[in-house]
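Working notes, beginning with the structure itself.
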Amino acid sequence: MKKRIIFFDANLSTLPAIRYAKSRGLHVVTCDNKAENPGHKEADESLLISTFDIDLIDAYIEKNPVDAVVYFASSAGSFAGCHLIEKYNLPGISCTVKDTLSYKNNFRKFLQNNGFTSFPKFTLFNGNVIPEEAKAFPYPVIVKPTDCGGNNGITKVCSEAELQPAVDYAHSVSKSGNIIIEEFIETDLQINGDCVIENGEVKISFLGKHLYAPNSDILPYSTIFGENVIPQNIRNDIEEEIKKLASAIGITSGVLNTEFRISKSGKINFIEVNSRHSGNFIYQLMNKAYGVSLEEIGVKLALGEPLNIDGCKPTGFFAYALIYSNEGGTFNGIEISDSLSPYTLKQLIFKKNGDPVNRFTKLTDRVGIMLLQFPTYEEMRKIIDNFQSYYKINLLK
């Protein structure tokens with residue numbers, strides 16, 4: 001009998017993994033509530049059910065058991081995926097572990113309670129009444145909701161007068177009402193990337209440096225990857241921290257998206273960890289750099305199979321770069337310089353004419369994204385440091 005594998009969800013990013021699963025002779029089920037997603041057409045079965053509708057998904061699985069679960073880079077997909085992994089003891093990362101990592105209050109408490117020192121000083125509270133201990137923090141501080149990603153609800157606060165409006169903003173976008181205030185770590189190096197863990201060992205760590213939008217040091221528009229982007233001693237220390245975290249929380253094998261901020265004294269600080277690939281297509285750059293297929297690896301992890309990726313080493317210089325606007329308006333097309341063509345691996349524009357465009361304050365305000373490969377570090381920095389000069393977004397006011 002064919003093994004059955006379910007994918008949450010069926011969007012473009014999961015299509016190569018679906019095709020690999022089909023090539024293996026697996027019975028493929030796709031699940032999300034978007035009939036237009038292309039994976040549904042290639043699946044053996046497609047369920048038009050929201051990945052948040054756990055009751056309906058459970059009812060289906062009870063009648064149609066599966067052997068494996070893939071949610072790949074989908075935050076929404078991980079909600080159902082990790083639930084099934086935990087409920088049916090399938091290979092992968094459980095819902096309990098996912099919730100510990102992805103909710104900032106749970107994650108900070110876990111680090112604090114398990115002997116880690118690699119995190120900023122913080123205070124947690126529910127509601128928008130600022131506790132007295134938070135007022136004693138030296139400025140600047142970071143205020144953010146504990147249950148949002150993509151820079152949503154985050155503010156860098158430089159004075160007491162700015163603190164209450166920042167807390168009110170974070171509270172307004174939070175579903176739980178849980179807020180965190182933490183020290184702002186001065187740095188020239190914030191690290192972002194994905195890693196693959198197998199049998200407790202970090203087998204692949206594709207780590208890069210965040211670059212920030214002008215006049216912001218909390219809103220990245222790009223991550224650059226390649227030799228010498230991150231000093232080797234810092235890379236080694238980060239891999240040890242990831243390995244230590246995986247062991248402490250009980251992850252034997254899986255994929256993690258990580259963010260670290262390195263203080264000017266060299267201290268490594270966890271900022272975020274998520275139990276899935278990044279939403280900015282970092283895995284596609286990893287495929288090129290390492291000569292692997294993360295889509296294939298995702299299916300093998302879900303089946304509990306060996307990955308056979310020992311000794312993989314990255315080569316080349318890569319970046320993702322967001323296309324964004326400094327002002328709001330109505331989208332009326334975009335002009336992109338032909339000089340980017342030799343470096344372009346992928347280009348996605350998320351807006352069509354007539355769509356609203358917001359000023360860039362969070363990830364979902366992006367107009368598009370480009371994945372790029374460069375022959376040298378110097379050429380990469382020349383392009384990415386001046387990336388906004390290579391495109392023009394036409395707006396109607």
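The values are calculated or read from the model by the stated rules, or taken from the named source; none is laboratory data. These figures come from a predicted structure and were not determined experimentally. FYI the Cβ positions are ideal-geometry reconstructions off the backbone, even for glycines, and counts take in every protein chain you see.
Can you find even one residue in the range 205-225 that is charged (D, E, K, R) and touching a helix residue (DSSP H, G or I) at 6+ places or on another chain (Cβ under 9 Å)? Reasoning before the result, please.
Quick first cut of the range 205-225, residues charged (D, E, K, R) only: 209, 217.
Pick out the ones that are also touching a helix residue (DSSP H, G or I) at 6+ places or on another chain (Cβ under 9 Å) and you get none.
No, that holds for no residue.
Mind checking which strands (runs of 3 or more DSSP E) fall wholly inside the range 30-139 and carry at least 1 residues that are over 26 Å from residue 196 (Cα atoms) and either over 18 Å from the mean Cα position of the chain (by Cα) or modelled with pLDDT of 90 or more (or both)?
Numbers: elements: 45-48, 68-70, 122-126.
Strands (runs of 3 or more DSSP E) meeting the threshold: 45-48, 122-126.
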Flag if residue 334 is under 25 Å from residue 155 (Cβ atoms) and not in a loop (DSSP other than H, G, I, E, B): no
Expected single match for assigned to a strand (DSSP E or B) and not assigned by TED's automatic domain parsing to the domain that holds residue 288 among 204, 179, 224, 197 is 179
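Do you know which residues across the range 282-321 are part of a helix (DSSP H, G or I), of a type in the set (D, E, K, R) and closer than 14 Å to residue 24 by Cα? Show your work before the answer.
The first filter runs over the range 282-321 and keeps only residues part of a helix (DSSP H, G or I), leaving 282-290, 294-303.
Remaining after also requiring of a type in the set (D, E, K, R): 288, 295-296, 300.
Residues satisfying the conditions are 295, 296, 300.
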Is there a residue in the range 234-244 that is part of a strand (DSSP E or B), of a type in the set (A, V, I, L, M, F, W, C) and surrounded by 17 or more Cβ atoms within 10 Å (Cβ to Cβ)? no
Scanning the range 262-277 residue by residue, those crowded, with 22+ Cβ neighbours inside 10 Å and more than 18 Å from residue 116 (Cβ to Cβ) turn out to be 276, 277
Please tell me if residue 293 is in contact (Cβ under 8 Å) with a residue 12 or more places away in the chain and either among the small types (Gly, Ala, Ser) or not assigned by TED's automatic domain parsing to the domain that holds residue 221 (or both). yes
Test: residue 259 is in contact (Cβ under 8 Å) with a residue 60 or more places away in the chain, in a strand (DSSP E or B), surrounded by fewer than 20 Cβ atoms within 10 Å (Cβ to Cβ) and not aromatic (Phe, Trp, Tyr): yes
Yes or no: residue 233 modelled with pLDDT under 95 and under 16 Å from residue 207 (Cβ atoms)? yes
If residue 339 satisfies every condition in (1) surrounded by fewer than 20 Cβ atoms within 10 Å (Cβ to Cβ); (2) at pLDDT below 95 but one, which is the exception? (2)
Check the range 299-312 and report whether any residue there is within 18 Å of the chain's Cα centre (by Cα), touching a residue at least 60 places away in the same chain (Cβ under 8 Å) and under 21 Å from residue 258 (Cβ atoms). no
For the range 121-135, check the following and say yes or no: at least one residue is under 24 Å from residue 9 (Cβ atoms), in contact with a Gly (Cβ under 8 Å, 6 or more places away or on another chain), outside the structural domain of residue 241 (by TED's automatic domain parsing) and in contact (Cβ under 8 Å) with a residue 12 or more places away in the chain. no
Do you know which residues across the range 360-382 are part of a loop (DSSP other than H, G, I, E, B), surrounded by 15 or more Cβ atoms within 10 Å (Cβ to Cβ) and touching a strand residue (DSSP E or B) at 6+ places or on another chain (Cβ under 8 Å)? 360, 366, 367
Residues of the range 340-367 being farther than 16 Å from residue 153 by Cα and among the aromatic types (Phe, Trp, Tyr), which ones? 343, 350
